[in-house]
C-alpha cells in the first residue's frame, strides 16, 4: 500500500509562513519513502514580514498562493482535506503555524486554531491515523488534541513547553537530531529549527520523524 500523507503548509517563509527548509526536508523524506503526498494550506490573507529585517511590511498576501511556491503549484485548499482520504499527516513549522494556522504566537494557551485544521487533526486522531509535528507545530497538536494529553516535544524551550503542558500535553526535552513518539496516541514530534543550528541537523530529526510517522500507519489497529 502506498501511504497517502497530507502535508499542511502555512505560507512561505519562516517569519510569516511555513519554514521552507523544514517543509522541503519533510517532502523529500516522504518522497524517498514512496509516500503519495497531498499538500494543503488555508485560503486566507496574512501580514507579510521582510525576512531581511524581520519587520512587518504592511503588505498582505494569501497563504494558499504563497504556500504554492513550496508545493510547485500542486496544492489544495485546507478546507478540502478529509481524514478518510489520508493515512497520516505531517505539519512543518515556521511562524505561520503560530500566526496563520492558529493564534498561538500572540495568545499562547488561550489561542484558537483554524477550525478546518482542528477538525482534520481530531478526525485523524479518532481514526488512529498518525500525525507528525515539526518545530513549533506541536503547538497545533496541543490546541487540537491537548485534552488527550499527548507526549511531544518542541526541543528544550522552557517557556513554550510550559504553555504546551498548560494545554494538557506532556513535554519531553529532545535534541534536534532526534524525535519524541507517543505510540499510543500515534503522535511524533521533532524540534527542527526550534533548536537548529543548520539544515544538516534539522534534516536528521525530520527524516526520523517522517519515518516514524509512516511506520505508525495501521499499527495495532
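Nothing in this text is a laboratory measurement; each read-out follows from the coordinates by a stated rule. Predicted model only: the values in this text are computed from it and were never measured. Using ideal geometry, Cβ is built from the backbone for each residue, glycine included, and neighbour counts are taken over all protein chains shown.
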Out of 6, 17, 94, sole residue that is crowded, with 16+ Cβ neighbours inside 10 Å, at positive phi and within 15 Å of the chain's Cα centre (by Cα): 94
In the range 44-74, residues that are part of a loop (DSSP other than H, G, I, E, B), in contact with a strand residue (DSSP E or B) (Cβ under 8 Å, 6 or more places away or on another chain) and closer than 17 Å to residue 16 by Cβ total 3
What about residue 40, is it touching a strand residue (DSSP E or B) at 6+ places or on another chain (Cβ under 9 Å), closer than 17 Å to residue 103 by Cα and part of a strand (DSSP E or B)? no
Failed criterion for residue 31 (all others in (1) surrounded by fewer than 16 Cβ atoms within 10 Å (Cβ to Cβ); (2) assigned to a helix (DSSP H, G or I); (3) in contact (Cβ under 8 Å) with a residue 12 or more places away in the chain hold): (3)
Looking at the range 168-221 only, could you name the residues that are within 14 Å of residue 21 (Cβ to Cβ) and in a loop (DSSP other than H, G, I, E, B)? 176, 191, 195, 196, 197, 198
If a residue has to be touching a residue at least 60 places away in the same chain (Cβ under 8 Å) and either surrounded by fewer than 22 Cβ atoms within 10 Å (Cβ to Cβ) or more than 14 Å from the chain's Cα centre (by Cα) (or both) to count, how many in the range 100-118 make the cut? 1
Name the residues in the range 47-75 that are closer than 16 Å to residue 92 by Cβ and surrounded by 14 or more Cβ atoms within 10 Å (Cβ to Cβ), would you? 63, 64, 66, 67, 68, 69, 70, 71, 75
Residue 174 in contact (Cβ under 8 Å) with a residue 12 or more places away in the chain, surrounded by fewer than 23 Cβ atoms within 10 Å (Cβ to Cβ) and touching a strand residue (DSSP E or B) at 6+ places or on another chain (Cβ under 6 Å): yes
Condition met for residue 162 (in a loop (DSSP other than H, G, I, E, B) and more than 16 Å from the chain's Cα centre (by Cα)): no
